[in-house]
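Below is one structure, written out as structure tokens, with a few remarks after it.
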Amino acid sequence: MCARNSIYTTPKPCKHLADYKLRHGFNTYYSIRNCLKTTPNGRTRVAKHTTKIPRCSFCDRYQGRLYFCLMCSSLWCPTHILLHTQSEKGHEVAIDMNRSELYCCLCCDQVYDPDFDKVVVCNQVKDLPGGSKSKTNGFEACGERSSKRKRLDSGIGLDLKKSKLLVSMRDRRAKSCYPLGLRGLNNLGSTCFMNSVLQALLHAPPLRNYFLNDRHNSIQCRKRSGEKLCLLCDIDAISSAMFSGDRTPYTPAHFLYSWWQHSSNLASYEEQDAHEFFISVLDGIHEMESKIRNSGKDDGDCQCIAHRAFSGLLRSDVTCISCGFTSTTYDPCVDISLNMDTSNLSSSNANKPIKPDEKTGASTLSGCLNLFTRAERLGSDQKLHCQNCQELRDSSKQLSIRRLPLVLCLHIKRVEHSLVRKISRKINQYMQFPFSLDMTPYLSSSIVRSKFGNRIFTFEYDNSNSSAAYEIFAVIAHSGMLESGHYVTYLRLKNQWYKCDDAWISEVDEGIVRASQCYMLFYVQKLLYNEAIEDSSFVHISPRRDPFDSTAGCS
């Protein structure tokens, strides 16, 4: 808990981890301490056997992620770890061997424990040049050194020599080839959905510039509103921390607490949907800025940063089949949800992953956008009242985009519902998507011209004040099952892709990105993308102090 502000609390561990610690204490933590190895890039993992290749106890799988059961020391792949937990009572907690993070097999996600974290950080200090090689198991030796993988320059409880070594490690990471702003976010227990969306939002050029140029001043905000919790202030704090040059993982505990207060119906340690969280955050930003500005305008005219960046306008044309009369309505939107085009796939293959190099029947983003803007005949149970016929008539509906946003968010619907079997399943099909996207064919001007020809006056439908050329800058991908899975974000910075997997940042090839099961695609207008590349080396950092700087680790 933060001593300066008692309203903030550190999230408690999941109940399965709490039960495990109650039964077994820290004995297992002590025993595995000597099995932890710190790599040159600062990542800690469970050391593998020098002669034997670690394999899953069920399927002999040795590639990818493996979990080490804390109770029986057996190894399991992500597919069969739940099977092991269900068959062996009390075997709910395991360790991710590649990341040295606790994993709850029943919650199906990483869980945080400050006591385990102290063991990991103590091992990192021990592996530093000149670090102590003592094999003592007590937490006292490292309890003062670390709190939730705190910033390495804190120096609390360290002697001067080791403190300098830690700061030196931090400086080497800050001077790495990674662009400024790349920083991992610690998983607080099933919060990969939050971390993935935050990475995309904080690297959207309009939002990044807004917060780094101090357009939202936390000190002035609290003076004006008098509120202790502010979602905007917490995003501002994360933005300052992300672009501070510090490469150690940041803990967004304050933000999580604020979001829970804003969306109390989603406040739990269960895995949430990343798209639902994205909409909730934008709604929270809009609500907070509306209070500050005392604005009562509709979303279409809203000047909050959320709507200035993401707000677009959809056009809906409902046409009477009998007389051809068309009724047109406009609806604001902050994203576009697209159904996957599975028309080329058989029902047996719809849920089977199709790799990008398998061209036959592959779904494409252009196909999804064509499906979104295609005229659809409404069913007989959806007859609408025609103003010209003055009675209920069969009709068709067609959507198009009247106004494009600065940042285009495309949500790919990967959940398929069966009304007959009354079940839902995830669509694991891969989708091809371009890095450069031209949205001209999906604009209202293009749709209307293709329907009626050039008889329509140009000025009525042209989007002359906005660009239809976009460049991709972020992809949120989901792996795993519908009930449980994991979110990661791929960021495109200076035309290089980086994978943000909670606390870990790694450079990846574009082939890895294309092969991912994309769930949310973030595009920005090409002009803004090019400006972001030019300005990325000269990002303005507000000189004011991060209001949560001393509690970034949150003990």
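The values are calculated or read from the model by the stated rules, or taken from the named source; none is laboratory data. Here the structure is a predicted model, which means the values were calculated and not measured. Reconstructed Cβ throughout: ideal geometry from the backbone, glycine too, with neighbour counts over all protein chains shown. Accessible surface is based on the protein model in full, side chains and every heavy atom, while ligands, DNA and RNA are left aside. Shrake-Rupley method; radii C 1.70, N 1.55, O 1.52, S 1.80 Å.
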Stokes-Einstein translational diffusion, the stretch 74-119 - Kirkwood Rh over all Cα pairs, 0.890 mPa s, 25 °C, in µm²/s
223
Subtracting the Cα-Cα distance from 0.36 nm times the residue separation, let me have the gained length for S396 to W260 in nm, one decimal.
44.8 nm
Distance in nm between I533 and S290 label points, each 7 Å along Cα→Cβ, equals 3.8
For the peptides 475-488, 311-324, what is the packing order when you average, over each peptide's residues, the other Cβ atoms within 10 Å and list the highest mean first?
475-488, 311-324
Note down the magnitude of the dipole of the stretch 15-125 about its Cα centre, charges +1 on Lys and Arg C-beta and -1 on Asp and Glu C-beta and zero elsewhere, to the nearest 20 debye.
380
Considering only protein heavy atoms, what per residue accessible area in square angstrom results for the stretch 15-125 with a 1.4 angstrom probe?
48
If each of S424 and S366 carries a label point 7 Å out from its Cα toward its Cβ, how far apart are those two points in nm?
3.2
Report the one residue of F116, V93, L75 whose Cα lies farthest in the direction of the positive end of the charge dipole of the stretch 15-125 (charges on C-beta: Lys and Arg +1, Asp and Glu -1; origin at the Cα centre).
L75
A474 long-range amide H proximity, modeled H, under 5 Å
R492, F522
Quick one: which of 439-448, 375-384 comes out on top by average Cβ neighbours within 10 Å, and what's the full order, highest first?
439-448, 375-384
Can you tell me how much longer the chain between S316 and K494 gets when fully stretched, taken as 0.36 nm per residue apart minus their C-alpha distance, in nm with one decimal?
60.3 nm
When the Karplus curve 6.51 cos²θ - 1.76 cosθ + 1.60 is applied with θ = phi - 60°, which whole-Hz ³J(HN,Hα) does each residue of the stretch 212-221 get, with x for Gly and Pro?
6, 8, 6, 6, 10, 8, 4, 5, 5, 4
Checking the table K118/K494; K499/K526; K37/K499; K422/K499; K413/K499 against a 26 Å threshold on Cα-Cα, which pairs fail?
K118/K494; K422/K499
With each label point set 7 Å from Cα along the Cα-Cβ vector, what nm distance links N388 and K89?
7.2
Gained length - S31 relative to S450, 0.36 nm times residue gap less alpha-carbon distance:
143.8 nm
Given a 1.4 angstrom probe, I'd like the percentage of the accessible area of the stretch 15-125 that is carbon and sulfur, rounded to a whole number.
53
Once phi for every residue in the stretch 69-77 is put through the Karplus expression 6.51 cos²θ - 1.76 cosθ + 1.60 (θ = phi - 60°), the whole-Hz ³J(HN,Hα) values, with Gly and Pro written as x, are 5, 6, 8, 10, 6, 7, 9, 9, 7
Using every pair of alpha-carbon atoms in the stretch 15-125, split the distances into 5 Å bins beginning at 0 and state the percent of pairs per bin, rounded to integers.
2, 12, 24, 25, 20, 12, 4, 0
Sort the following peptides by mean Cβ neighbour count (other Cβ atoms within 10 Å, averaged over residues), highest first: 402-412, 66-76.
402-412, 66-76
